[in-house]
Structure formats: C-alpha cells, structure tokens
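J.: Here it is, the structure, as structure tokens.
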Amino acid sequence: MKEEIKEVLEEYKEHTDKKVDKIEKKFDEKVEEIKRYFDVAREDFDGKVDLIAEQYDSIIEKLDSHDKKFVSIEEKLDSHEVRLVSIEKKLDSHEVRLVSIEKSIKIMEKDIEIMKVDIAFIKSGLKKKVDIEEFEALETRVAILEAKNR
C-alpha cells in the first residue's frame, strides 16, 4: 500500500519536476536573451548612450514583467505545495480506511470458512436423511407388508 502511495507521490513529483524544468528552461532562455541584449548594448555603449537612455524605460518594463512572472511562478509553486499536503492527508486517511477494510475482510474470511464447514456438515447430514415423500412411501409399504403378515 505504501509503495502505491510512494509511486503516486513519485509520479506527482516527476510531473512537478517537469513543470519546474520547463519554467527553468524558459527562465534560462529569457536570461540568455537579456544577456545577449546587454552584450550588444555594452559593445555599442560608447556611440549610443542616448539610445540606451531611451531604451531604459522598456528595460524597466521588461524587468517588471519578469518580476511579475516570478511572483506568479512562486504563487503557483505555493499552491502546488498546498495541494501536495492535501493529497498526502487524503492518502493517509485512505490508508487508514484500507487497513480497516483489510481487517474486516479477514474477519469475513474466517466467518466464511466457518460457514463452509457448517454447510458441509449440514450437507452430509442431509444425505443420510430421507425426504417426507420417501418416508410416506416406506410407511405405506410397511403397512401393506404388516397387513399381509397378519
């Protein structure tokens, strides 16, 4: 049972890790994009100081956008953590229920074994007995035979 729980948690962890890897990859791509941009800006700095001043506002907007994305990613990770805790609690409660069910099944198995023995005993007892129709037929035959013998 715990193996199944571990397996489910491992699958969820892998799923979460994949999502985090995708986010990290996108982040790395954005970082590389920013690095390329700054490399170009640094090479061109001497001749284009005025151009950099004009682009300052757009850089700030991009950084703000990235900050917002980071906040969003952090919120998503927090919500995933909350969901994981909730799932762990559910799994724990299900484990408790399964243990209880297993105990009940074991008790039922014992009861069924007792019932099987009782049924076998009753069956063997019934094989030795005659039904009412056979008994009446035998009674009639005995009465006829007694009447002939008198």
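All of the numbers you see were taken from the coordinates with simple rules; none came from a lab. Note that the coordinates shown come from a computational prediction; the quantities given were computed from them, not determined experimentally. Cβ placement follows ideal geometry from the backbone for every residue including glycine, while neighbour counts extend to all protein chains displayed.
J.: Evaluate the distance, in nm, between pseudo-label points positioned 7 Å from the Cα of Glu81 and of Glu54 along their respective Cα→Cβ axes.
T.: Taking the simple label geometry, Glu81 and Glu54 are separated by 4.5 nm.
J.: Let me ask another. I'm spelling it out carefully: the read-out is Kirkwood radius over Cα pairs in Å, the candidates are (1) 24.6; (2) 18.4; (3) 16.2, and one was derived from this structure. Which label?
T.: (1)
J.: Can you tell which of Leu91, Leu77, Ala120 lies farthest toward the positive end of the dipole of the chain, using +1 and -1 charges on the Cβ of basic and acidic side chains (Lys, Arg; Asp, Glu)?
T.: Selected residue: Ala120.
J.: May I pose another question? If the only charges are +1 at each Lys and Arg Cβ and -1 at each Asp and Glu Cβ, what is the size of the charge dipole of the range 73-143 around the Cα centre, to the nearest 20 debye?
T.: 340 debye
J.: Roughly what would the spin-label model give for Met108 and Glu29, points 7 Å off Cα along C-beta, in nm?
T.: So the two model labels end up 5.4 nm from each other.
J.: Less than 24 Å apart at the alpha-carbon level, and either on another chain or at least 8 residues along: which lysines does that give for Lys110?
T.: The qualifying lysines are Lys123.
J.: Now for a different question. Assign unit charges at the C-beta atoms only (+1 for Lys and Arg, -1 for Asp and Glu), then state the dipole size of the chain relative to its Cα centre in Debye, rounded to the nearest 20.
T.: Numbers: 32 positive and 41 negative charges, 339 e Å.
For this selection, approximately 1620 debye.
J.: Tally Lys and Arg at +1 and Asp and Glu at -1 over the other residues with C-beta under 14 Å from the C-beta of Lys103: what net charge comes out? Intermediate results must be reported in sequence, preceding the final value.
T.: Working: positive: Arg97, Lys106, Lys110; negative: Glu95, Glu102, Glu109, Asp111.
My count for the surroundings of Lys103 gives -1.
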